[in-house]
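A quick write-up on the structure given underneath.
The values are calculated or read from the model by the stated rules, or taken from the named source; none is laboratory data. It should be emphasised that the depicted structure is a prediction, and the values quoted were computed from it without experimental measurement. When we count neighbours, we look across all protein chains shown, and the Cβ atoms used for this are built from the backbone with ideal geometry, even at glycine.
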Amino acid sequence: MGEKKEVVVIGGGIFGVNLIAKFRNAYRSTTANMHITLIEARDDFVYSPLNIRNCIEDVSDVFIKPYDRLFLKKPALGRVVCGLATGVDQDRKVVLLQSGEEVKYDILVLATGTSFEDPNNVPRSNHSDVLKYFAEKRELIEKSYSILLIGGGPTGAELAAEIADRYRSKKKVTLIHSGQLPLTEVYSVSLRQQVLTYLLQSRVTVHLKARGTDNGDGTVTMVKAERGSDKLTTDVLRADVVFHTMATKPATDIYPEAWKDDRGCVRVRDTLQLVDDDSIFAIGDLNDIKEGKTAGKIHYSLPVVYSNILSLVNDKKPSKVYHPPAEFIALTMGKYRATGQITLPLVGPVVLPSWLLMSQLGKHINAENAVASVGY
């Protein structure tokens, strides 16, 4: 038996830790020829689907867990390096850390996910900084009467609904979105209309076919198309706090430009390997697969990466390919309502009822299952 292959995973989010958990739960003989290193700047795993709710209600103890149990059952399988990755030297096959340390790899997995803005821009820092960040957001929302959100994608829609659900008529919540309906055209008109209905029922003021510019002084300049015409009107809206909940971008700043397309996404083949490097995989939100980037895609992409890594570890050619599934999404619209869609063969997109989604998501949006991936 030769030396073990060093498998390095950059990013301890949903995709990164679930991939590691899949190896951890495999037979020892399956992983005998590999050693895993997780590189993550945070002390803790943060289950991102609960970020929005944690800005309204303190549920930190439910979804923020340290990585100390990640390899507890199989300590020889791997280790966690707490540090900020700043680059990859492809020629030398090392990951560069801010500390000056270098981590060698035979196989590299890029799982750094998405870059968000407030209130979803959780610091890549220690435990106390993460808790402080959420506490500050809760305090800010608590003391503010008028709250304006620019961007009506999933983050904007969920945040608006969470605030309205928590505070009812005590807050004035306004959402500005450039589309004719919330979300994007990736999703069905029926789903988007359902999201709008829930927002209006929650007394959220929704401006569609509008764009907002944050002036940085508590005002937002809104340019909006008048109903039934192409004429634009301009208004200045005032708010105690403004959140930018527009489209996210892939967290790929530390990777070489040659790896990325014009959107900053890492270019991959259908095996989820880089276009020009068999030893590097890119999973989750940061790759250039044309699909809605949701956490649920983990059930389809992880088996591909898992199988192909094992092939490389055993000096075989990776052969498992990723087929993007039909679009599906689940959105919480406050603490007690949800909506979403699945796409059925011969039928097309179907909007799912709230009761069904809530029965699946549970009280904490499946956080209990998620933290099990890090051993809790």
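Data overview
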item: The range 165-192, residues that are assigned to a loop (DSSP other than H, G, I, E, B) and within 17 Å of Lys209 (Cβ to Cβ); result: His177, Ser178, Gly179, Gln180, Leu181, Pro182, Leu183, Thr184, Glu185
item: Residue ID - nearest to Arg124 (Cα to Cα), chosen from residues in the range 1-22 that are surrounded by fewer than 21 Cβ atoms within 10 Å (Cβ to Cβ) and within 23 Å of the chain's Cα centre (by Cα); result: Ala21
item: Among residues of the range 275-321, those that are over 30 Å from Leu183 (Cα atoms) and either assigned to a strand (DSSP E or B) or not assigned by TED's automatic domain parsing to the domain that holds Arg24 (or both), counted; result: 4
item: Number of the exception - Asp288 against (1) acidic (Asp, Glu); (2) modelled with pLDDT under 95; (3) out of contact with any Gly (no Cβ under 9 Å at 6 or more places or on another chain); (4) buried (at least 16 other Cβ atoms within 10 Å of the Cβ); result: (2)
item: Any chance Leu38 is closer than 14 Å to Cys82 by Cβ and in contact (Cβ under 8 Å) with a residue 24 or more places away in the chain; result: yes
item: The range 326-342 residues that are free of Cβ contacts under 8 Å to residues at least 24 places away in the same chain and over 10 Å from Leu356 (Cβ atoms), paired with ones that are surrounded by fewer than 18 Cβ atoms within 10 Å (Cβ to Cβ) and polar (S, T, N, Q) (beta carbon under 6 Å, 6 or more apart); result: Ala326/Thr343
item: Residue match in the range 121-140 (condition: in contact with a Cys (Cβ under 9 Å, 6 or more places away or on another chain), among the charged types (D, E, K, R) and either modelled with pLDDT of 95 or more or not assigned by TED's automatic domain parsing to the domain that holds Leu274 (or both)); result: yes
item: Only listed residue being surrounded by 12 or more Cβ atoms within 10 Å (Cβ to Cβ) and within 30 Å of Val9 (Cβ to Cβ), chosen from Lys249, Lys224; result: Lys249
item: Options Val206, Val195: the member that is of a type in the set (A, V, I, L, M, F, W, C), in a strand (DSSP E or B) and within 27 Å of the chain's Cα centre (by Cα); result: Val206
item: Criterion violated by Asp217 - all others in (1) within 21 Å of Lys143 (Cβ to Cβ); (2) part of a strand (DSSP E or B); (3) not aromatic (Phe, Trp, Tyr) satisfied; result: (2)
item: Count of residues meeting criterion [modelled with pLDDT of 95 or more and touching a strand residue (DSSP E or B) at 6+ places or on another chain (Cβ under 9 Å)] in the range 316-328; result: 3
item: Test: residue in the range 61-77 that is surrounded by fewer than 21 Cβ atoms within 10 Å (Cβ to Cβ), modelled with pLDDT of 95 or more, closer than 20 Å to Asn126 by Cβ and in contact with an Asp or Glu (Cβ under 6 Å, 6 or more places away or on another chain); result: yes
item: Tally, over the range 362-376, of residues that are aromatic (Phe, Trp, Tyr) and under 21 Å from Met333 (Cβ atoms); result: 0
item: Candidates Lys172, Lys93, filtered to the one that is surrounded by 16 or more Cβ atoms within 10 Å (Cβ to Cβ) and assigned by TED's automatic domain parsing to the domain that holds Met222; result: Lys172
item: Pairs, first surrounded by 13 or more Cβ atoms within 10 Å (Cβ to Cβ) in the range 132-144, second of a type in the set (Lys, Arg), C-beta under 6 Å, six or more apart; result: none
